[in-house]
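Scroll down for the structure; my scribbles are underneath it.
The values are calculated or read from the model by the stated rules, or taken from the named source; none is laboratory data. Predicted model only: the values in this text are computed from it and were never measured. Virtual Cβ from ideal backbone geometry, glycine too; neighbours counted across all protein chains shown.
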Amino acid sequence: READKLLRMEVANKFDDQRKRLAELQHQLISQAQIEFLDDLERAVMKLQLLIDRIKTASYGYAGLFDAVKVKEEQLDALYDFDNQMLNFVDEVAADVDQVSSAIAAKEGIGEAITELVSTVTEANMAFGHREEAILQAAM
């Protein structure tokens, strides 16, 4: 239970590092007067913040909707594995943030890079939404 919580906090912190990078990129857009991309980048920031909040507040050690039912060891293992796989999304988001940063520096392809970032963050949010299913499938 504690290992899962620690892993989730690590994943959330790594996503938060990327969110902070995006805040810096927003400032770059403003300083370069490229404000037409601010709304799209803000949408990415908001989706990433939602994911961070969901990860930080996810249940651990208990079966979410069924708080009275303790999670068995195999369910805990599945939960830990699932949360560990979220680290792959951290890498994908970091790569997309790198692309946004490069696009801003080059002053081209910014919209496309932001669209890819939003897509990746949306995919990560959807994947995290299946966390409860991972617990329940391990119980079968």
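Of the residues examined, ASP81 is not one that is at pLDDT below 90, of a type in the set (Asp, Glu) and not in a helix (DSSP H, G or I). Against the definition (at pLDDT below 90 and surrounded by 18 or more Cβ atoms within 10 Å (Cβ to Cβ)), how does ALA63 come out, yes or no? When the stated conditions are applied, ALA63 passes them. For the range 1-42, the set of residues classified as of a type in the set (A, V, I, L, M) and in contact (Cβ under 8 Å) with a residue 60 or more places away in the chain consists of ALA3, LEU7, VAL11, LEU22, LEU25, LEU29, LEU41, listed by residue number.
I'm trying to understand the selection: among the residues of the range 88-109, which are among the polar types (S, T, N, Q) and surrounded by 14 or more Cβ atoms within 10 Å (Cβ to Cβ)? Within the range 88-109, GLN99, SER101 meet the criteria. Is there a residue in the range 15-23 that is among the acidic types (Asp, Glu), in contact with a helix residue (DSSP H, G or I) (Cβ under 9 Å, 6 or more places away or on another chain) and at pLDDT below 90? The answer is no, given that none of the residues of the range 15-23 is among the acidic types (Asp, Glu), in contact with a helix residue (DSSP H, G or I) (Cβ under 9 Å, 6 or more places away or on another chain) and at pLDDT below 90.
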